[in-house]
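The values are calculated or read from the model by the stated rules, or taken from the named source; none is laboratory data. Just so we're clear, the structure is a prediction, and the values are computed from it rather than from any experiment. Methodologically, a virtual Cβ is constructed for each residue, glycine included, from the backbone with ideal geometry; neighbour enumeration extends over all protein chains shown.
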Amino acid sequence: MLTVKNLNYQKMWQSLNFTLAKDKIYALLGLNGIGKTTLLNLLSGLLPPTSGEILFNGESIYQAKRNYLSQVGYCLQDSENLFFKQTVEEELNYHRVKDVKSVIEKLDLAQNLTQSPFELSGGQQKKLELAIMLLKDPQILFCDEITAGLDAENLELVMNSLLNYRPNHIVVLVTHNLSEALNYADDFLFLHPLGIDLKSRSEVLANPEIFKSFGLINPPNLEVCQALIDRSLMPAGNYYQTSDEIAHFLAQSFKSTRSD
């Protein structure tokens, strides 16, 4: 468990207070410039706070910093800062803690093994960075825009890898893709100048105005879901369905209508 008490950095926000539990993926959301990366740097122990404290399993991360850092993984926005070997295979073998082959297969990196990590596309570098972190098997994994630059297929590979990693771990994901957050996150951290609000998935799904209330733009499917709800074609509360979920719901409704 990661507990944050009265945390602040250079008065970027009012004091932050929240607790993160294992077995969950948290989506950290907020406007550009609100300090999401700064908060990850604080939580990861890379940046000391101006005030407040962070406890991991009841112990200050600063009093046992070396032990804490050994249990933290951090996928940076700029993946290249992590690489220093000549090939992808060397990078993976250097960080070997468990079966490298399974991670290579899960993230579809087999065709890249002989390449330099610095010659990979931005999306491929993101996958390699995540692979390295998964091999380290940290208790807490912070991901800063880990899906940026990925096509739909690779985004699904990355997010499914995080879903598989979630049991007995804490995952915090910064993303600007609200549809992605809705598809995969268990809970949501809304960062704003007055502090931070932790909302459960059920709270978010039941509130059509929650993103706007924090200055964010509603996901594109909200209006479709809202229109279906207004016409009594979809149960109230299903405001944030994916395109596939909407299509499946309509198909089932159509079949039911025809059978009647």
Among (1) crowded, with 16+ Cβ neighbours inside 10 Å; (2) within 24 Å of the chain's Cα centre (by Cα), which single condition is Met234 missing?
-> (2)
Would you mention how many residues in the stretch 33-53 are part of a strand (DSSP E or B) and under 25 Å from His176 (Cβ atoms)?
-> 0
Taking the residues in the stretch 84-110 that are more than 17 Å from Asn164 (Cα to Cα) and part of a helix (DSSP H, G or I) as candidates, determine which candidate is modelled with the lowest pLDDT.
-> Tyr94
The lone condition Glu80 fails out of (1) part of a helix (DSSP H, G or I); (2) over 30 Å from Trp13 (Cβ atoms); (3) in contact with a helix residue (DSSP H, G or I) (Cβ under 8 Å, 6 or more places away or on another chain) is (2)
The one condition Ile196 fails out of (1) more than 16 Å from Asn218 (Cβ to Cβ); (2) among the β-branched types (Val, Ile, Thr); (3) touching a Ser or Thr at 6+ places or on another chain (Cβ under 9 Å) is (3)
Across the stretch 19-32, which residue is nearest to Val72 (Cα to Cα) among those that are in a loop (DSSP other than H, G, I, E, B) and hydrophobic (A, V, I, L, M, F, W, C)?
-> Ala21
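Quick check on this structure: which one of Glu209, Glu245 is more than 18 Å from the chain's Cα centre (by Cα), among the charged types (D, E, K, R) and either loosely packed, with under 13 Cβ neighbours inside 10 Å or under 23 Å from Thr19 (Cα atoms) (or both)?
Glu209
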Is there a residue being in contact (Cβ under 8 Å) with a residue 12 or more places away in the chain, loosely packed, with under 13 Cβ neighbours inside 10 Å and in contact with a strand residue (DSSP E or B) (Cβ under 6 Å, 6 or more places away or on another chain) anywhere in the stretch 47-65?
-> yes
Which pairs do you get when a residue that is hydrophobic (A, V, I, L, M, F, W, C), found in the stretch 27-40, comes within reach of a residue that is not in a strand (DSSP E or B), reach meaning Cβ atoms under 6 angstrom, with the pair 6+ apart or on two chains?
-> Ala27/Ala181; Ala27/Ala185; Leu28/Lys36; Leu31/Gly215
Counting just the residues of the stretch 54-76 that are touching a Phe, Trp or Tyr at 6+ places or on another chain (Cβ under 6 Å) and in a strand (DSSP E or B), which one comes out nearest to Pro219 (Cα to Cα)?
-> Tyr74
List the number of the failed condition for Phe84; all other conditions in (1) over 30 Å from Ile54 (Cβ atoms); (2) hydrophobic (A, V, I, L, M, F, W, C); (3) surrounded by fewer than 15 Cβ atoms within 10 Å (Cβ to Cβ) hold.
-> (1)
Scanning for something among the acidic types (Asp, Glu), closer than 20 Å to Val171 by Cβ and either without any contact (Cβ under 8 Å) to a residue 40 or more places away in the chain or assigned to a loop (DSSP other than H, G, I, E, B) (or both), does the stretch 111-134 turn up at least one residue?
-> no
Within the stretch 136-187, considering residues that are of a type in the set (Phe, Trp, Tyr) and surrounded by 21 or more Cβ atoms within 10 Å (Cβ to Cβ), the one farthest from Tyr240 (Cα to Cα) | Phe142
Could you please give the count of residues in the stretch 49-103 that are hydrophobic (A, V, I, L, M, F, W, C), over 22 Å from the mean Cα position of the chain (by Cα) and more than 21 Å from Ser121 (Cβ to Cβ)?
-> 3
